[in-house]
1. Consider Cys13 against the criteria (1) touching a residue at least 40 places away in the same chain (Cβ under 8 Å); (2) assigned to a loop (DSSP other than H, G, I, E, B); (3) not polar (S, T, N, Q): it satisfies all of them except one. Which criterion is unmet?
2. Working only within the stretch 115-139, note down all residues that are buried (at least 16 other Cβ atoms within 10 Å of the Cβ), of a type outside the set (A, V, I, L, M) and out of contact with any Lys or Arg (no Cβ under 7 Å at 6 or more places or on another chain).
3. State which residue pairs qualify: first residue more than 18 Å from Leu58 (Cα to Cα) and inside the stretch 18-39, second residue part of a strand (DSSP E or B) and of a type outside the set (D, E, K, R) in any location, beta carbons under 9 Å apart, and separation of 6 or more residues or different chains.
4. Restricting attention to the stretch 21-45, which residues are open to solvent by 40 Å² or more (accessible area, probe 1.4 Å) and part of a strand (DSSP E or B)?
5. Looking for something part of a helix (DSSP H, G or I) and under 15 Å from the mean Cα position of the chain (by Cα) - is there at least one such residue anywhere in the stretch 115-128?
6. Kindly evaluate Glu84 against the criterion of being free of Cβ contacts under 8 Å to residues at least 60 places away in the same chain, charged (D, E, K, R), closer than 28 Å to Glu153 by Cβ and open to solvent by 50 Å² or more (accessible area, probe 1.4 Å).
7. Considering only residues that are open to solvent by less than 40 Å² (accessible area, probe 1.4 Å) and not aromatic (Phe, Trp, Tyr), look in the stretch 56-70 and name the one that is farthest from Leu110 (Cα to Cα).
8. Has the stretch 133-144 got any residue that is assigned to a loop (DSSP other than H, G, I, E, B) and either farther than 21 Å from Asp21 by Cα or free of Cβ contacts under 8 Å to residues at least 24 places away in the same chain (or both)?
Amino acid sequence: MPNLLPAERYRPCVAALLQNDSGMILVCERRDFAESWQFPQGGIDAGESPRQALLRELMEETSLPPNAYEIKVERPGYRYHFPERHRKRGKFVGQEQVYFLCHFSGPESLINLETLHPEFRRWKWILPHEFDLRWLPEFKRGVYQQVLHDFFEAEVG
């Protein structure tokens with residue numbers, strides 16, 4: 001019989017789709033896994049709204065102040081399950097994310113990954129259809145595929 005939690009609990013998170021004037025989106029390479037590219041993202045702290053979490057996470061991960069971008073679209077409900085080896089006893093079975101499409105209006109010189117607790121080593125702009133799902137662990141691929149379709153009508157594989 002599978003080991004089920006009484007009620008599946010998902011860690012509440014936000015993720016940023018930062019898009020520039022050319023229609024390209026920001027992806028960042030993780031420090032802990034070479035060639036693993038993703039969108040800036042992070043957990044929602046207790047007492048924090050998803051928008052507040054987005055502002056904090058973008059500042060913590062990319063040094064971008066709120067006046068460098070404008071939130072255009074907010075979509076909740078994207079979920080993925082952690083593989084069993086990533087689950088901590090009594091904690092979360094996965095993450096449920098609110099995605100934000102933001103228009104980047106600041107100079108690129110504001111993007112600085114050398115933060116207090118750096119998570120990324122490099123960043124780049126790509127067109128949405130250029131996202132390569134092989135950059136991600138398998139358990140995240142379905143959400144990214146859905147997000148890229150929902151926000152940009154991009155088909156990635």
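The values are calculated or read from the model by the stated rules, or taken from the named source; none is laboratory data. As the structure is a computational prediction, the values presented were derived from the model and not from experiment. Neighbour counts run over all protein chains shown; Cβ positions are idealised from the backbone, glycine included. Protein only, heavy atoms only, side chains kept; ligands, DNA and RNA dropped before computing areas. Shrake-Rupley method; radii C 1.70, N 1.55, O 1.52, S 1.80 Å.
1. So Cys13 meets the others, but not (2).
2. Initially, the stretch 115-139 is screened for residues buried (at least 16 other Cβ atoms within 10 Å of the Cβ), giving 119-120, 123, 125, 128, 131, 135-136.
The next check asks that each one be of a type outside the set (A, V, I, L, M); those that pass are 119-120, 123, 125, 128, 131, 135.
Trp123, Trp125, Pro128, Phe131, Trp135, listed by residue number.
3. Between residues of the stretch 18-39 that are more than 18 Å from Leu58 (Cα to Cα) and residues that are part of a strand (DSSP E or B) and of a type outside the set (D, E, K, R), the close pairs are Asp21/His103; Asp21/Phe104; Ser22/Trp125.
4. As a first pass, look at the stretch 21-45 and keep what is open to solvent by 40 Å² or more (accessible area, probe 1.4 Å): 21-22, 24, 30-35, 45.
Result: Arg30, single match.
5. Step one: of the stretch 115-128, the residues part of a helix (DSSP H, G or I) are 128.
When the remaining residues are screened for being under 15 Å from the mean Cα position of the chain (by Cα), the result is 128.
Checking the stretch 115-128: at least one residue is part of a helix (DSSP H, G or I) and under 15 Å from the mean Cα position of the chain (by Cα).
6. On the way: free of Cβ contacts under 8 Å to residues at least 60 places away in the same chain: yes; charged (D, E, K, R): yes; closer than 28 Å to Glu153 by Cβ: no; open to solvent by 50 Å² or more (accessible area, probe 1.4 Å): yes.
Spelling it out, it is not the case that Glu84 is free of Cβ contacts under 8 Å to residues at least 60 places away in the same chain, charged (D, E, K, R), closer than 28 Å to Glu153 by Cβ and open to solvent by 50 Å² or more (accessible area, probe 1.4 Å).
7. Filtering the stretch 56-70 down to residues open to solvent by less than 40 Å² (accessible area, probe 1.4 Å) leaves 57-58, 61-65, 68-69.
Imposing the further condition that a residue be not aromatic (Phe, Trp, Tyr) reduces the set to 57-58, 61-65, 68.
On the way: Glu57: 15, Leu58: 11, Glu61: 12, Thr62: 8, Ser63: 7, Leu64: 6, Pro65: 8, Ala68: 8 Å.
That would be Glu57.
8. Filtering the stretch 133-144 for residues assigned to a loop (DSSP other than H, G, I, E, B) gives 136-137.
Now restrict to residues that are either farther than 21 Å from Asp21 by Cα or free of Cβ contacts under 8 Å to residues at least 24 places away in the same chain (or both): 136-137.
Yes, the stretch 133-144 contains at least one residue that is assigned to a loop (DSSP other than H, G, I, E, B) and either farther than 21 Å from Asp21 by Cα or free of Cβ contacts under 8 Å to residues at least 24 places away in the same chain (or both).
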